[in-house]
Amino acid sequence: MIENTSQIEKLIRDIDSFIDRPADIYLIGGGAMLYNKSKKKTKDVDFVVRSKESYDALISALKNMGFESIRPTPGMERTNISDMLSLDDYRIDIFESRVCGMLGLSDGMADRSTL
């Protein structure tokens, strides 16, 4: 369970030290809600990427960090998660282009995102 933004920031710093090329990675879902204080904790970290290149870079970095793919389990098929990875207290859901097969990360959304 992730209960504060410092846990997410540590994860992002770790990813940054392992990633081997530039990648645009967007935090969505419960993790993003922690930042605007609309949620107190989240069971997972949801990332969306807009390209296959960013997806490959993120997956490679996470696996080099020791994360293991636990591909969406039965009952999760409808979410269209591209991959689900786990390590210790972290579970990461990664969406390539579309979230749950419906929401696409638009240019406007990307432009409004903050670091």
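The values are calculated or read from the model by the stated rules, or taken from the named source; none is laboratory data. All figures in this text were calculated on a predicted structure; none of them were measured in a lab. No Cβ is skipped: glycine too gets one built from the backbone with ideal geometry, and neighbour counts run over all protein chains shown.
Numerical summary
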| read-out | value |
| --- | --- |
| Filter pass, LYS10 being over 18 Å from ILE59 (Cβ atoms) and not in a helix (DSSP H, G or I) | no |
| Residue match in the stretch 57-68 (condition: within 18 Å of ASP14 (Cβ to Cβ) and modelled with pLDDT under 85) | no |
| Residue list for the stretch 20-57, restricted to those being assigned to a loop (DSSP other than H, G, I, E, B) and over 16 Å from TYR90 (Cβ atoms) | ASP20, ARG21, PRO22, ALA23, ASP24, ASN36, LYS37, SER38, LYS39, LYS40, ARG50, SER51 |
| Qualifying position, being surrounded by 14 or more Cβ atoms within 10 Å (Cβ to Cβ), touching a Pro at 6+ places or on another chain (Cβ under 8 Å) and either at pLDDT below 90 or of a type in the set (S, T, N, Q) (or both), among ILE81, ILE28, ILE94 | ILE81 |
